[in-house]
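Each remark here refers to the structure printed beneath this line.
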Amino acid sequence: MRYVDINEAIKASGLRIVIVKAMPSAWGIAAKAMMEFKGLDFLCAHQIPMSENPELVAWSGTNSGPVVAWNDEPPINRWDDILLLIERLAPTPRLVPENPAERIEVFGIGHEICGELGFGWNRRLDLMRPAAGDQPSPFAQKYHYREDEAALANTRVIALMTELAARLKRQKESGGDYLVGKAVSAADFYWAAFSNFVSIQPQEICPINPQARPMFEHTPTEITAALDPILLEHRDRIMRQYFKLPLEL
């Protein structure tokens with residue numbers, strides 16, 4: 001993997017990923033880590049936060065990261081499309097189990113963490129919640145901020161964390177170290193990356209823009225109180241074993 005300018009990434013062949021620069025954007029962190037886990041060769045470029053990124057928009061149709069492209073196939077940006085492409089390009093080691101029941105679990109957990117109204121979506125709603133009497137920021141408007149959904153965001157985050165913690169405890173009782181089955185899967189990568197939305201790792205591990213760090217350190221007390229230690233133990237172990245540290249943002 002090497003970092004290149006966005007225009008070089010657009011013109012290149014092979015596998016490319018565009019991630020959000022110097023931010024803990026978990027969708028991109030997870031995708032990049034899974035590519036590295038599978039030993040894929042790829043180029044990495046940046047989406048610049050709070051900028052128009054016209055080249056990226058013209059190429060991919062979105063001003064968000066991650067965007068992933070393979071040769072001359074159309075660029076993709078949905079978490080499940082990216083996962084399926086990674087699996088197609090490097091079928092082993094598997095991140096989506098072959099067993100249908102476990103496969104359903106991985107995609108179900110993946111959606112609840114990465115998908116619309118999932119863990120990451122709800123944390124983003126809370127992070128961009130305007131102060132009382134203020135209008136939503138341009139960033140909030142970009143993601144179609146709605147107050148009725150934001151009001152439920154923290155409750156939904158806590159509910160998912162509670163379920164994931166219970167699952168990890170059941171797995172541990174049966175001799176399992178992972179969220180699904182007996183081997184690491186995409187579900188483990190997703191939780192490890194997205195956990196930074198509730199407990200940001202130190203700067204030496206997750207070197208984000210220092211100006212943005214206070215926003216991610218300000219986790220609501222009800223979420224912090226509901227964060228079972230097993231969730232962070234799992235995050236730290238998966239990061240040590242399967243991610244390249246410090247994270248390259």
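Things worth noting here:
- Odd one out for Pro66 among (1) over 14 Å from the mean Cα position of the chain (by Cα); (2) in contact (Cβ under 8 Å) with a residue 40 or more places away in the chain: (1)
- Residue in region 206-223 that is in the same structural domain as Asn154 (by TED's automatic domain parsing), charged (D, E, K, R), in contact (Cβ under 8 Å) with a residue 24 or more places away in the chain and part of a loop (DSSP other than H, G, I, E, B) present: no
- Some residue of region 163-174 being without any contact (Cβ under 8 Å) to a residue 24 or more places away in the chain, closer than 19 Å to Val106 by Cα, in contact with a Gly (Cβ under 7 Å, 6 or more places away or on another chain) and part of a loop (DSSP other than H, G, I, E, B): no
- The set of residues from region 163-176 being more than 13 Å from Trp191 (Cβ to Cβ) and either surrounded by 11 or more Cβ atoms within 10 Å (Cβ to Cβ) or in contact with a Pro (Cβ under 7 Å, 6 or more places away or on another chain) (or both) comprises Ala166, Lys169, Lys172, Gly176.
- Among residues that are among the charged types (D, E, K, R), loosely packed, with under 13 Cβ neighbours inside 10 Å and in a helix (DSSP H, G or I), Arg235 is not included.
- Considering region 51-131, the qualifying helices (runs of 4 or more DSSP H), each wholly inside and each with 1 or more residues that are closer than 22 Å to Met215 by Cβ and among the hydrophobic types (A, V, I, L, M, F, W, C), run over 100-114, 119-127.
- Verdict on Thr155 being surrounded by fewer than 19 Cβ atoms within 10 Å (Cβ to Cβ) and either assigned by TED's automatic domain parsing to the domain that holds Ala33 or under 21 Å from Leu117 (Cβ atoms) (or both): yes
The values are calculated or read from the model by the stated rules, or taken from the named source; none is laboratory data. Everything numeric in this text was worked out from a predicted model, so none of it was measured. Note that each Cβ is placed from the backbone with ideal geometry, even for glycine, and that neighbours are counted across all protein chains shown.
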